[in-house]
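Written out below as structure tokens is the structure these notes cover.
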């Protein structure tokens with residue numbers, strides 16, 4: 001008898017609904033339904049709670065193969081939880097751009113480093129785009145940190161994609177608009193994300209997308225004009241953005 005069948009049998013012996021059993025285990029009814037339909041296994045803590053509640057051993061609940069499957073799924077869950085934590089912290093940390101002097105601003109012929117809140121030498125449209133990207137990344141980070149255990153399938157399937165796409169947009173925006181410091185920092189964060197993602201065996205397609213982005217990054221940096229130099233009448237060189 002498989003685990004899902006044993007669980008149904010034990011629940012029905014106690015004359016419990018799925019929702020009542022879920023309340024006893026402090027999990028959602030969706031989780032109990034998933035276990036009983038054979039679409040997944042409980043984590044180690046929930047398994048111990050089931051064993052204690054029904055007064056049976058874990059060996060009675062699971063076969064040897066099921067124990068191996070459970071251990072593998074639990075390892076994947078821990079990997080995903082760690083990845084979400086790092087993604088969330090990286091995204092939330094981008095609010096530092098609002099307050100720290102990472103942006104270049106020309107004043108009286110010299111380039112000064114200012115924060116995004118103090119940046120005034122760019123157009124209002126570009127400044128709005130900067131704020132939009134930073135706020136979107138911070139919001140995605142907060143969602144990643146607070147909704148790790150959320151049962152919403154749409155969010156679970158797309159949260160990594162959302163985080164990566166916003167991050168890619170930010171890197172491109174800062175490169176094209178000639179803001180090297182924010183671009184390099186975001187590129188470093190993105191590299192960390194891709195390295196974490198590459199350790200997950202079920203995210204090959206997302207990794208391919210980000211790998212394709214890195215392959216075109218040299219062309220993006222070619223769009224950055226850097227410094228141009230001119231010479232005044234006394235033969236002195238002046239740098240211009």
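For the stretch 146-241, please list each of the helices (runs of 4 or more DSSP H) lying entirely inside it that holds at least 1 residues being at pLDDT 90 or above.
Of the helices (runs of 4 or more DSSP H) lying wholly inside the stretch 146-241, those with at least 1 residues that are at pLDDT 90 or above span 153-176, 180-198.
More than 30 Å from residue 179 (Cα to Cα), within 28 Å of the chain's Cα centre (by Cα) and at pLDDT 90 or above: does that describe residue 33?
Answer is yes for this residue.
From the residues in the stretch 163-193 that are more than 30 Å from residue 120 (Cβ to Cβ) and surrounded by fewer than 18 Cβ atoms within 10 Å (Cβ to Cβ), which one is nearest to the chain's Cα centre (by Cα)?
Step by step, filter the stretch 163-193, then rank; the result is 192.
Out of curiosity, is residue 133 crowded, with 17+ Cβ neighbours inside 10 Å and either part of a loop (DSSP other than H, G, I, E, B) or in the same structural domain as residue 28 (by TED's automatic domain parsing) (or both)?
In short, no.
With respect to residue 100, is the statement that it is under 18 Å from residue 150 (Cβ atoms), in the same structural domain as residue 195 (by TED's automatic domain parsing) and out of contact with any helix residue (DSSP H, G or I) (no Cβ under 6 Å at 6 or more places or on another chain) true?
no
Residues to consider are 98, 50, 61; find the one that is farther than 19 Å from residue 12 by Cβ and crowded, with 16+ Cβ neighbours inside 10 Å.
Checking each option against the conditions leaves just 98.
Looking for whichever is loosely packed, with under 13 Cβ neighbours inside 10 Å, modelled with pLDDT of 90 or more, more than 27 Å from residue 45 (Cβ to Cβ) and not assigned by TED's automatic domain parsing to the domain that holds residue 35 here; the options are 123, 115. Which one fits? Explain how you work it out, then say what you get.
Working: 115 fails: loosely packed, with under 13 Cβ neighbours inside 10 Å.
After applying the criteria, what remains is 123.
Is it true that residue 89 is outside any loop (DSSP other than H, G, I, E, B) and at pLDDT 85 or above? Write out each step before concluding.
Details: outside any loop (DSSP other than H, G, I, E, B): yes; at pLDDT 85 or above: yes.
The answer is yes for residue 89.
The values are calculated or read from the model by the stated rules, or taken from the named source; none is laboratory data. Since we're looking at a predicted model, the values are computed, not measured. Neighbour counts run over all protein chains shown; Cβ positions are idealised from the backbone, glycine included.
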